[in-house]
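Report on one structure; see the data block that follows.
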Amino acid sequence: MRPVLRVLAASACCVLAACATPPGPRAVVPEVLFDDALFGPPTEPVGAERIFALSADMRDYVQTAMAPLVRKHGAQGALVEALYGKGQLKLEYESAVTRNAAEAFEARSGNCLSLVIMTAAFARELGLQVRYQSAYLEETWTRRGDLLLKSGHVNITLGQRIGDYTASPLQLSLTIDFLPPEELRNLRTIEIRESLVAAMFMNNRAVEALVRGRLDDAYAWAREAVRADPWFLAAQNTLGVVYLRRGALAQAGAAFEHVLAADPKHTRALANQAEVASRSGRDDEAARLRARLAQLEPEPPLHFFNLGMAAMQREDFSAARDLFAKEVARGDATADVHFWLGVAHYRLGDVDRAAREMSRAAEASASRSERDLYSAKLDWLRAHHAR
């Protein structure tokens, strides 16, 4: 499962991206970056209070469904059984929206961040200690309109009950991960703070609001994400993109500059800052920034995919097929990449390879609705070929 959306800008695109969490003391919140006067009130409650909060239904589930499991397996075992056991929660991966603990429980689905948050909420209710980890995975990028979104992955480790010192925490720790088992081999992780988990959640909500065009909500979530963990540069980058969407170029430039001051090689903020300079008429500065970006990132996210789409528009299907195949070869290709590779194969008359890529697109889908869409296209392809 791969959630945690982020934003950055390439050419006319805005983009969100992640960053590592640095060591050291808590950073000072950069309140100077906020300009509330540019936005109206959000349409939904915004803040960290409800992220890990248990609903009444969750408490009832603990008392009724989990209590017998606790007596049989202990607190850790009960939670694992609830998450994975037949006849229990029956969770499903769904990355279209990032849910808090109560929302993920009610829907019985969520992205990995949502399911980690729900697991943490249950663990705390059972008196278990928790730790969070961010995993190193191949980069996954998707496009939503003029936004490029990068996905990351988190998991959670359950410790012993608080106050139980009968054994070492290392002996009793148990990591919960919602990735398929084959993807867990040699998975490298780094421990992260709960404040960063909260910031990731709010940054996700900001990006999701951006995708839907709800700028007031996006600003509120991005602002609170920055406040939750000022080390999380992705949230500051998202804040800059929100300003860019609002047309507030000075505020956007200040946000991106703040990111680059902390990390001069932050390619997403660099691309976004180049866009600010271009829109402000500072063409020489934009050219310098893009030249610097090209040195750091000769092949930007979805580089071959974008070239392949241009080839499709020219009806050069052979070139498009080869370019989409290159994008697949770069790593963890998204459903869109497999779909368009399938279309290129189909336009070249190779129906078998087209069907194979359509099937991979369905498998790589991030939501049930997206999976149904690609499955329907695959069914049409097979029926059309049969006729």
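The values are calculated or read from the model by the stated rules, or taken from the named source; none is laboratory data. Worth saying up front: this structure is predicted, and the values here are computed from it rather than measured. Here the Cβ positions follow ideal geometry from the backbone for every residue, glycine too, while neighbour counts run over all protein chains shown. Note: accessible area is taken over every heavy atom of the protein model, side chains too, but ligands, DNA and RNA are not part of it. Shrake-Rupley method; radii C 1.70, N 1.55, O 1.52, S 1.80 Å.
The gain in end-to-end length when the Asp60 to Ala107 segment is fully stretched comes to 15.3 nm, 0.36 nm per residue minus the alpha carbon separation. Spread over its residues, the convex hull of the C-alpha atoms of the chain is 162 Å³ per residue. Please give, to one decimal in nm, the separation of the simple spin-label points placed at Asp36 and Arg212, each 7 Å out from Cα toward the Cβ. My value for the distance between the label points is 2.3 nm.
Here the chain has 51 percent of its accessible surface on carbon and sulfur atoms, given a 1.4 Å probe and all protein chains in place.
Select from Ala228, Ala333, Ala27 the residue whose mean-square fluctuation is largest in a Gaussian network model of the chain (Cα-Cα springs shorter than 10 Å). Its mean-square fluctuation being the largest, the pick is Ala27.
Only Lys, Arg, Asp and Glu carry charge here, each on its Cβ (+1 for the first two, -1 for the last two); on that basis the chain has a dipole of about 400 debye about its Cα centre. In this structure the chain gives 46 Å² per residue of accessible area when probed at 1.4 Å with all protein chains present. Normalised by the number of residues in the range 79-140, the mean separation of alpha-carbon contacts (under 8 Å, six or more apart) gives a relative contact order of 24 percent. Sorted largest first by accessible area at a 1.4 angstrom probe radius, with every protein chain in place, the residues His303, His385, His345 fall in the order His385, His303, His345.
Taking every alpha-carbon pair under 8 Å whose residues sit at least 6 apart, the range 237-386 reaches a relative contact order of 12 percent. The orientation-averaged projection of the convex hull spanning the C-alpha atoms of the range 275-329 amounts to 4.7 square nanometres. Highest mean first, the peptides 372-379, 208-215, 33-40, 112-119 sorted by other C-beta atoms within 10 Å per residue fall in the order 112-119, 208-215, 372-379, 33-40. Of the residues Gly127, Ala294, Ala48, the one whose Cα sits farthest toward the positive end of the charge dipole of the chain, with +1 on the Cβ of Lys and Arg and -1 on the Cβ of Asp and Glu, is Gly127. Ellipticity at 222 nm from helices only: DSSP H runs of n ≥ 4 in the chain, each -39500 (n - 2.57), divided by the residue count, give -16500 deg cm²/dmol. One equal scatterer on each Cα of the range 194-284, no solvent, Debye formula: the resulting log10 I(q)/I(0) at q = 0.13 Å⁻¹ is -0.38. If one puts a single equal scatterer on every Cα of the range 70-115 and applies the Debye formula without solvent, what log₁₀ I(q)/I(0) results at q = 0.20, 0.21, 0.24, 0.29 Å⁻¹? Result of the Debye calculation: -0.65, -0.69, -0.82, -0.98. Using alpha-carbon positions, what is the distance between the centroids of the range 111-148 and the range 191-262, in Å? Spelled out, the Cα-based centre of one part sits 18 Å from the other.
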